[in-house]
Amino acid sequence: MSVHTQPVATGTTPGVSLKASTRWIFVNLGILPILLIAAMLFFALQEERFLSSGNLFNVGRQSTFLIILAMGQMIVILTAGLDLSAGSTVGFSGVVSALVLLAVLRGHPDAIVLAALASVAAGLAAGLLVGAVNGFGVAVLGVSPFMMTLGTSTSLVGIALTLTQGLPVTGVPDDFMRVFGYGRFVGLAPPMIATLVLFVVVWVLLNRTTVGRYFYAVGSNMRSAQLSGIATKRQLFLAYILSSLMAAVVGILFVARSGSAEALNGQPFTLQAVAACVIGGISLFGGVGRVRDVVLGALFITLLTNGMNLIRVESYVQQIVLGAVLILSLVADQIRIKFFA
């Protein structure tokens, strides 16, 4: 669901034109494009390396994990839910994927293709299992999404630490890392290609399929969706499955990029993914949001972090800035809906 308003007429003088254009962007697209432009201008003036092709490529590559995770989180939030286990699923699926990869190679040292396939399948299966547990708890048992996924998150960290005995899983072969991590195909890194493919899949799912429209219906009004004949429990179950599968993809890609797996690898991503959704205009009450805006939200967070790193902003100050931007986005969205909808 989006906010529909009449376009704002532009003036004839440069000042009026800029003001009218800014107002049109704010009313029709929200505050995110304005924040993106302002951040890019600010960092470009502060640090000449910011707009270099190498740095922009790094921003694109670094944002892929957050974009994938945020798209999964978006589907859950559309149903008025929340997946706090997404970050732990990244670590858990990564550990499972790496352990299976090394186990297969120990038995068949030359079977790298078989080991890679088994590793990817195991990582995705781990994500599928987590999604099924979350979906069963929320959809069937009626546990609140917050408590269900929080409990799952805690358990996953413990399981992953047990599997690894608290140590990083290392020894990932270079061939695996090159194919899924740092290689290049048509000029793009593998995680960037995976992100583009998943974006198309999610966009089609939400905009061109009945199942996708049901996510919005369930989040907008659960009771009405039930009375309309929508299988609401199935939709909730599917939402958590998709979110966990997205997290599992990130876990596998993370192993390929870093060459190791740890239980806590995905922890910082959970709240960042929620923030990307909120900054992208996804309503935490469900039923409202577009995947395009979530991608922009994730890009903005990565861009902001990259820019602050370049101009050497302390890490604790970065947290303050990100929190302030999140609050600003929420307030601006409320103003836009209240005064311009």
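The values are calculated or read from the model by the stated rules, or taken from the named source; none is laboratory data. Because the structure is predicted, anything quoted here is derived from the model rather than measured. Here the Cβ is made from the backbone with ideal geometry for all residues, glycine too, and neighbour counts use every protein chain on show. Areas reflect the complete protein model, heavy atoms only, side chains present, ligands, DNA and RNA absent. Shrake-Rupley method; radii C 1.70, N 1.55, O 1.52, S 1.80 Å.
Please enumerate the residues belonging to region 113-136 that are under 18 Å from the mean Cα position of the chain (by Cα) and free of Cβ contacts under 8 Å to residues at least 40 places away in the same chain. Once the filter is applied, which keeps residues that are under 18 Å from the mean Cα position of the chain (by Cα) and free of Cβ contacts under 8 Å to residues at least 40 places away in the same chain, region 113-136 yields nothing.
Test Asp110 against the stated conditions and say whether it is acidic (Asp, Glu) and touching a residue at least 12 places away in the same chain (Cβ under 8 Å). Here the answer is no, as Asp110 does not meet what is asked. Exactly one residue among Ile241, Ile301 is closer than 14 Å to Gly72 by Cα, out of contact with any strand residue (DSSP E or B) (no Cβ under 7 Å at 6 or more places or on another chain) and in a helix (DSSP H, G or I), and that residue is Ile241. May I ask you to list the residues in region 142-176 that are of a type in the set (A, V, I, L, M, F, W, C) and under 21 Å from Leu78 (Cβ atoms)? Hits for region 142-176 are Val143, Phe146, Met147, Met148, Leu150.
It is to be established whether one or more residues within region 151-169 are open to solvent by less than 30 Å² (accessible area, probe 1.4 Å), in contact with a strand residue (DSSP E or B) (Cβ under 7 Å, 6 or more places away or on another chain) and β-branched (Val, Ile, Thr). Show your work before the answer.
Within region 151-169, the subset open to solvent by less than 30 Å² (accessible area, probe 1.4 Å) is 152-153, 156-157, 160, 164, 169.
From the residues that got through so far, the ones that are in contact with a strand residue (DSSP E or B) (Cβ under 7 Å, 6 or more places away or on another chain) too are 169.
Next cut, β-branched (Val, Ile, Thr) only: 169.
The answer is yes; a qualifying residue exists.
Residues of region 87-96 include none that is open to solvent by 10 Å² or more (accessible area, probe 1.4 Å), hydrophobic (A, V, I, L, M, F, W, C), farther than 18 Å from Ser244 by Cβ and in a helix (DSSP H, G or I). Exactly one residue out of Ile193, Ile230 is closer than 26 Å to Val90 by Cα, open to solvent by less than 80 Å² (accessible area, probe 1.4 Å) and among the hydrophobic types (A, V, I, L, M, F, W, C), and it is Ile193.
The number of residues in region 276-326 being in contact (Cβ under 8 Å) with a residue 24 or more places away in the chain, open to solvent by 20 Å² or more (accessible area, probe 1.4 Å) and small (Gly, Ala, Ser) comes to 2.
Taking the numbered list (1) of a type outside the set (A, V, I, L, M, F, W, C); (2) in contact (Cβ under 8 Å) with a residue 12 or more places away in the chain; (3) not in a helix (DSSP H, G or I) in turn, Gly142 passes all entries but (2). Residues that are outside any helix (DSSP H, G or I) and not small (Gly, Ala, Ser) were ranked within region 184-238; the one that is nearest to Val140 (Cα to Cα) is Ile230. In region 253-274, of all residues being open to solvent by less than 10 Å² (accessible area, probe 1.4 Å) and in contact with a Leu (Cβ under 9 Å, 6 or more places away or on another chain), the one that is farthest from Thr170 (Cα to Cα) corresponds to Ala273.
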